[in-house]
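Written out below as structure tokens is the structure these notes cover.
The values are calculated or read from the model by the stated rules, or taken from the named source; none is laboratory data. Everything numeric here is computed off the predicted structure, so don't read it as measured data. Every residue, glycine as well, gets a Cβ built from its backbone with ideal geometry; the counts of neighbours run over all protein chains shown. Accessible surface areas use protein heavy atoms only, side chains included; no ligands, DNA or RNA. Shrake-Rupley method; radii C 1.70, N 1.55, O 1.52, S 1.80 Å.
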Amino acid sequence: MPTPRLFGGGSSTAGSGSAVQTPNHGKPRLQIIPDTRFIVFRGNEHQAGVARLTGRILLTSPESMNVRHLRITLEGKRQVKWHQTARADGYPEYSAPSEKMVFYTDTKSLLSACSSTLKLPAGVKEWHFEFELSGGMPESIEGLKDVYVIYSLRANLERSGYMSKDLSDVQHIRLVRTLGAEDLEATGSR
């Protein structure tokens, strides 16, 4: 189980161009910070190798808190709406309204209490994560009315205690497929 890194004070732990802000002195905040939001596969599903999605989760807490679990999930969803023109006026009717499903789920537990709870001190804590993605995964499809394939990272910090709300964050990830090295040579482009 990875141990969190603790940072003191109220300074930002962000690198250049990161969306990390200085600690909020009112409420605790959980953030997913992927190293990149675009995963690129080179070649078709048979040529592309394994890609890695890495990043970190930051917890900014003005006071100590009791927690049970910290999990991060990579989830792939797809939707397909089927059309069938059956009416005389030419307007489409849906033979099946839509086929919506979660087709990929991978969950990592980054923090788990050995007993019922674990007490985290106040400050900024950081956990690193890594997912291995097969080259055969379908690429993201967005912007179409009737079809999509989307991926998202979801982090959930399960807190314990009376009136304690769980903390969560969601980040959108895109999987992109490009031509492989052999295909680029065949097109004559450099």
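Taking the criterion of being over 17 Å from residue 140 (Cα atoms) and open to solvent by less than 30 Å² (accessible area, probe 1.4 Å), the residues of region 152-179 that qualify are 155, 157, 160, 167.
Reported count of residues in region 92-112, each being in contact with a Lys or Arg (Cβ under 9 Å, 6 or more places away or on another chain), at pLDDT below 65 and of a type in the set (Gly, Ala, Ser), is 1. Against the numbered list (1) β-branched (Val, Ile, Thr); (2) within 20 Å of residue 36 (Cα to Cα); (3) modelled with pLDDT under 95, residue 73 comes up short only at (3). Filtering region 29-62 to residues that are open to solvent by less than 10 Å² (accessible area, probe 1.4 Å) and within 17 Å of residue 150 (Cβ to Cβ) leaves 32, 39, 41, 53. Residues that are at pLDDT below 95, part of a strand (DSSP E or B) and open to solvent by 40 Å² or more (accessible area, probe 1.4 Å) within region 113-141 comprise 118, 119, 141, listed in sequence order. Criterion first (closer than 28 Å to residue 126 by Cβ and either of a type outside the set (D, E, K, R) or modelled with pLDDT under 70 (or both)) does residue 50 satisfy it? Against the criterion (closer than 28 Å to residue 126 by Cβ and either of a type outside the set (D, E, K, R) or modelled with pLDDT under 70 (or both)), residue 50 qualifies.
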